[in-house]
1. Looking at B:L142, B:L64 in this structure, which one is part of a strand (DSSP E or B), more than 8 Å from every other protein chain (Cβ to nearest Cβ) and surrounded by fewer than 24 Cβ atoms within 10 Å (Cβ to Cβ)?
2. Under the condition of being assigned to a loop (DSSP other than H, G, I, E, B) and of a type in the set (S, T, Y), which residue from the stretch B:307-351 is nearest to B:E189 (Cα to Cα)?
3. What is the one condition in (1) farther than 28 Å from B:Q119 by Cα; (2) outside any helix (DSSP H, G or I) that A:G112 does not satisfy?
4. Restricting the first residue to the stretch A:6-27 and requiring it to be more than 12 Å from chain B (Cβ to nearest Cβ) and among the polar types (S, T, N, Q), which pairs with a second residue that is crowded, with 20+ Cβ neighbours inside 10 Å and part of a helix (DSSP H, G or I) meet a Cβ separation below 8 Å and a spacing of at least six or different chains?
5. Identify, from the list A:E164, A:E178, A:E188, the residue that is exposed (fewer than 12 other Cβ atoms within 10 Å of the Cβ) and under 20 Å from A:K31 (Cα atoms).
6. Kindly indicate whether A:K191 is modelled with pLDDT under 95, within 21 Å of A:P82 (Cα to Cα) and touching a Phe, Trp or Tyr at 6+ places or on another chain (Cβ under 7 Å).
7. Name the single residue, out of those in the stretch B:94-115 being out of contact with any Asp or Glu (no Cβ under 6 Å at 6 or more places or on another chain) and within 9 Å of chain A (Cβ to nearest Cβ), that is nearest to B:K171 (Cα to Cα).
Amino acid sequence: MVKLIGLVGTNSEHSTNRQLLHFMQKHFADKAEIEIVEIKDIPIFNKPAEIQVPETVQQLADKIEAADGVIISTPEYDHAVPASLMNALSWLSYGIYPFVDKPVMITGASYGTLGSSRAQMHLRQILDAPELKARIMPSSEFLLSHSLQAFDDENKLKNPEQIEQLEGLFTDFLVFVEIMKQLTHAHEMNKKAAENFSWEEV
Amino acid sequence: MKLVGIVGSNAELSYNRKLLTYIKKHFGNLFELEVLEIKDIPLFNQSDDQTNSAPIQKLSNKILQADGVIIATPEHNHTIPAALKSVLEWLSFKIHPLENKPVMIVGASYYDQGSSRAQLHLRQILDAPGVNAMVMPGNEFLLGKVKEAFDEKGELKEKRTVDFLQTTLEKFIQFINVVTVVQGAPVAEPEDLFATGTVDTTVEGVDMYADDWLEQASEIVQPAEGSEYVKLNRGLLTVDQLNYFLSSMPMELTYADNNNQFLYYNYTKEAEDMLASRTPGQVGNPLAKCHPERVYKGVEWVIQQLRSGAQDCVKVHVPTHGPDKYVVHNYQAIHDDEGNYVGINEYIWDLKPTIDWYLQQTGQKLVGDVDAATSATVNDHQDGDVDAVSGASENA
């Protein structure tokens, strides 16, 4: 069974992005094992001189490292990714490189009509940075708009069209994960490049 | 012009901090820059509202009081640092100090890019509805290869860079002026000179207009008196000592709170002997009662300046005391630890004795005085007399 990590892109108590990941976890239980992880307890990144990440970040990194792929669900704050998610990604690329060549699917939910579209674009750019270098599933977007009204009492998406779209994208993602396994020729070099990469020395 | 510079990094070592420090040092002729840090600001969490915490309130108040903001951003993972994003999230959650505020973006990075991608993201973020800043278009200032850009003294080495920085800063000043025109003069809230509202410290249940307001209010709050101790922000005094201390100030002090109620003056003289008369019975009055109606507009303007932060101190020379005195009324805004406006410290003093003492001590003279040694007329007047027809002496 494919093992995936569902990363909740916010530190907020209430999040429809968390809800969306829980829905996916349940809905796709026969296709993949999705473990939902939180970023709530990660301290603020301040680029410490000693390159060592906190224990909670290391645990998260180990899980990502061991997984076949990652689903990140991001809200949108001020047209961009929430600081708490940027913060987690900063730690997850500081002396450790769990995202290098890791297949990533991006989803997002927002209260309004846009479904975190701009945050998702930013997230793509961020994940493309030299020290993250994730393999982001191209040409696919899942934008859950009006997310407060999107779920029923059992936390299921109400709109069957949305479910269908999500099923399609998820199946594609599983294929993407498989295809990515073939792109291994450069992996060792990519890993090295990320490890040796330093903004200080470029 | 007053600007604030926000260091977009919470790291110990930051070249963006260095860049803002450089701007502060070298462009004092264009504006006054206060460099602000974001190190103490917690990570944004909408479930744990810390909008009212001291570091966020302080930053917000400084921004509100500035004519413009310069943000210096590094680039982390192709975007702005999480710490800076977090600050902007706090400043767009319950409060919106950046709304319509002219902002200029600069950035420094180790490589050639000079934080170009972070700057683009920052523009988009500042454009979001909750932030709504007025970001200066064009004029990107990207400081690449920053490790080589500064010398050991923190000076930018390349003259071209300095010249370009100067040009962009001058354009930013123009931009601020244009934005100000476009937005029109800020409309200040009217002031309640009759103090009809209440604030946390207002003593209710006493007639503000009563001559014995102090005695009546004291009945209610049972304040410390005489030899009782009061713990101050760094010190311990008895109420008596505090009174002696304030009475010895070589100026007339008055405290009016943010509800526009006259609460205190350092009573040492009777009204007729004061530079600005106060009577014991006036304490407790709303400010409207302490002024004639014809000056209400002026009083309101002064308070609006202080409350809004447009000016920290309004100085007014009151020339009604004859040529022997130079009496200045200083209206200084009082702020609490969080930077909130809590009232006016009005200190009134006669500057003349201080200036005379200074001139005597340093042997200097004012330009307005005639100095025989430098005057063109000195040769015609061997005795060094003042030349009565020279313009300069008319003021002497």
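The values are calculated or read from the model by the stated rules, or taken from the named source; none is laboratory data. What you see is a predicted model; the values in this text were computed from it and never measured. Note: ideal-geometry Cβ built from the backbone for every residue, glycine included; neighbour counts use all protein chains shown.
1. On the way: B:L64 fails: part of a strand (DSSP E or B).
B:L142 is the lone residue from the list that is part of a strand (DSSP E or B), more than 8 Å from every other protein chain (Cβ to nearest Cβ) and surrounded by fewer than 24 Cβ atoms within 10 Å (Cβ to Cβ).
2. Within the stretch B:307-351, the first condition is being assigned to a loop (DSSP other than H, G, I, E, B), and the residues that meet it are B:309-312, B:318-326, B:336-340, B:351.
Filter once more, so that each one left must be of a type in the set (S, T, Y): B:320, B:326.
Numbers: B:T320: 32, B:Y326: 33 Å.
So the residue we want is B:T320.
3. Of (1) farther than 28 Å from B:Q119 by Cα; (2) outside any helix (DSSP H, G or I), only one is false for A:G112: (1).
4. A:T16/A:S147; A:N17/A:S147; A:Q19/A:S147
5. Details: A:E178 fails: exposed (fewer than 12 other Cβ atoms within 10 Å of the Cβ); A:E188 fails: under 20 Å from A:K31 (Cα atoms).
The match here is A:E164.
6. Details: modelled with pLDDT under 95: yes; within 21 Å of A:P82 (Cα to Cα): no; touching a Phe, Trp or Tyr at 6+ places or on another chain (Cβ under 7 Å): yes.
Judged against the criteria, A:K191 is not a match.
7. B:D112
For (1) more than 9 Å from every other protein chain (Cβ to nearest Cβ); (2) surrounded by fewer than 24 Cβ atoms within 10 Å (Cβ to Cβ); (3) β-branched (V, I, T); (4) over 27 Å from A:E178 (Cβ atoms), each residue gets a yes or a no:
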| site | (1), (2), (3), (4) |
| --- | --- |
| A:Q52 | yes, yes, no, yes |
| A:K63 | yes, yes, no, no |
| A:A83 | no, no, no, yes |
| A:L89 | no, no, no, no |
| A:P98 | yes, yes, no, no |
| A:S117 | yes, yes, no, yes |
| A:R124 | yes, yes, no, no |
| A:L127 | no, yes, no, no |
